[in-house]
1. Going by a ≥ b ≥ c, the root eigenvalues of the Cα gyration tensor, does chain A fall in the rounded group (a/c under 1.5), the prolate group (a/b larger than b/c) or the oblate group?
2. Going toward the positive end of the dipole of the protein assembly as shown, with +1 on Lys and Arg Cβ and -1 on Asp and Glu Cβ, which of A:GLN105, A:VAL4, A:PHE20 do you reach last?
3. About the Cα centre, and with charges only on the beta carbon of Lys, Arg (+1) and Asp, Glu (-1), how big is the dipole of chain A? Nearest 20 debye, please.
4. With the cut-off at 21 Å, tell me which of the pairs A:LYS3/A:LYS70; A:LYS3/B:LYS37; A:LYS3/A:LYS71; A:LYS71/B:LYS37; A:LYS13/A:LYS57 have Cα atoms farther apart than that.
5. Within chain A, which is the longest segment that contains none of the trypsin sites (Lys or Arg not before Pro) sitting in a DSSP loop with at most 12 other Cβ atoms within 10 Å?
6. Identify all aspartates and glutamates with a Cα-Cα distance to B:LYS56 below 19 Å; exclude those on the same chain that are fewer than 8 residues away in sequence.
7. Just to be sure I understand: with springs between alpha-carbon atoms less than 10 Å apart, which residue in A:LEU76, A:LEU45, A:LEU11 has the highest mean-square fluctuation in the Gaussian network model of chain A?
8. How would A:ILE60, B:ILE77, B:ILE48 line up from fewest to most surrounding beta-carbon atoms within 10 angstrom?
Amino acid sequence: DVKVTQSSRYLVKRTGEKVFLECVQDMDHENMFWYRQDPGLGLRLIYFSYDVKMKEKGDIPEGYSVSREKKERFSLILESASTNQTSMYLCASSLILGTGSTNTQYFGPGTRLTVL
Amino acid sequence: DQQVKQNSPSLSVQEGRISILNCDYTNSMFDYFLWYKKYPAEGPTFLISISSIKDKNEDGRFTVFLNKSAKHLSLHIVPSQPGDSAVYFCAALPTGANNLFFGTGTRLTVIP
């Protein structure tokens, strides 16, 4: 079974703080993703990475950066947290670019971030 | 611009009856579709998928139907169980792409 873990389930930070969210997958997947989920807006893609040290912007990259130094680990960084970044953050991974099932994304449990 | 739409934010169904969740898309380049189920405070879990070369895929109580001409897919759950109560997201993958496009979700409540 694919396992995607996230460093924290719940996190409370103050406005202006630098925040690191860590994600690790154990299935040697090439692709990793960061989403945020907000009520009524579904899942919105922040960034994704298809290889070590490679990254691509998603739909809402502003205010975020990412780091992928190792294949299994993908970090999301909020350089200066703001209250509008209060959200559920979800990490996912998928095997490789290809057809069909190789693109199925497997999600971690999520991190509920509150910025005060 | 939302390329994958779930126009019903919520659905209530009696236990034992059929639940039908709908999803519409606008991008004709989508060729693979997935349904995810999400419980509160958990990440989405993959439920079932369908390739654009098929019009139906079945897995136990779950069946996904794809109507390419109408750019519409639906998830049928028969019979519905209280444990099926969750938010369901449909997602679509464009040809040659890595990233999924998600709908906004439908909250299903199965009433015992």
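Bear in mind these aren't lab numbers, they're just calculated from the coordinates by the rules spelled out. Since the model is a prediction, treat every value here as computed from it, not as a measurement. Reconstructed Cβ throughout: ideal geometry from the backbone, glycine too, with neighbour counts over all protein chains shown.
1. It comes out prolate by the Cα gyration axes.
2. Most positive-ward Cα: A:PHE20.
3. Charge dipole, chain A, about its Cα centre: 320 debye, nearest 20.
4. Flagged as over cut-off: A:LYS71/B:LYS37; A:LYS13/A:LYS57.
5. A:54-116
6. B:ASP24, B:ASP31
7. Answer for the Gaussian network model of chain A: A:LEU11.
8. Fewest to most other Cβ atoms nearby, the residues stand as A:ILE60, B:ILE48, B:ILE77.
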